[in-house]
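J.: Starting off with a structure, shown below.
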Amino acid sequence: MRFLSRLFMAIHVGMYRLSGGRIWANNVLLLTTTGRKSGKVRTVPLGCFNWQGGYLIVASNGGAPNHPGWYHNLKGQPQVKVQVLDKVMTVNPQVLTGEDRSQAWQHVINAAPGYAGHEKKTTREIPLVLLLPER
């Protein structure tokens, strides 16, 4: 099963890159991080939301009890890149807290109500990360 998941991810990333984001790209970006332990460059497609001049991503991991690997990598090595459609850029990630997180979470669940179900599946607070493009 893990093999199939990785294969699908590789196909998704490849198609996104080849098409400049025109295939499978509805509110999706590619996040490229460096593994905090392995040092390997890793790219994952993630749903995103426009928010305050940047891109908001949700570390829901489908409501699993643990944060997704990309979130740990981002926290360990915060120099990350994203591809949004055909534009590749370096971004500064900010994990939102307090009122900023509350407002952003409301935006997320209004736009994509399925995330509310992820929240109900777990006891952890689901991190929201704002990716602000470097200027």
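J.: Of everything in region 77-135 that's among the β-branched types (Val, Ile, Thr) and part of a helix (DSSP H, G or I), which residue is surrounded by the fewest Cβ atoms within 10 Å (Cβ to Cβ)? Full working, then the answer.
T.: First, pick out the residues of region 77-135 that are among the β-branched types (Val, Ile, Thr): 80, 82, 84, 88, 90-91, 95, 97, 108-109, 122-123, 126, 129.
Narrowing the set further to residues that are part of a helix (DSSP H, G or I) leaves 108-109.
On the way: Val108: 23, Ile109: 16.
Ranking the candidates gives Ile109 first.
J.: Which pairs have Cβ atoms under 8 Å, sit 6 or more apart or on different chains, and link a residue in region 114-133 that is touching a residue at least 12 places away in the same chain (Cβ under 8 Å) and among the basic types (Lys, Arg) to one that is surrounded by fewer than 17 Cβ atoms within 10 Å (Cβ to Cβ) and assigned to a helix (DSSP H, G or I)?
T.: Qualifying pairs under 8 Å: Lys120/Gly63; Lys121/Gly62; Lys121/Gly63.
J.: Looking only at region 44-76, how many residues end up being among the polar types (S, T, N, Q) and surrounded by 20 or more Cβ atoms within 10 Å (Cβ to Cβ)? Before the answer, list the steps.
T.: Quick first cut of region 44-76, residues among the polar types (S, T, N, Q) only: 50, 52, 60-61, 66, 73.
Restricting the remaining residues to those that are surrounded by 20 or more Cβ atoms within 10 Å (Cβ to Cβ) gives 60, 73.
The qualifying residues number 2.
Here, each number is a calculation from the coordinates, and none is a lab measurement. All values derive from a computational prediction rather than experimental measurement. In this analysis, Cβ positions are derived from the backbone assuming ideal geometry, glycine residues included, and neighbour counts consider all displayed protein chains.
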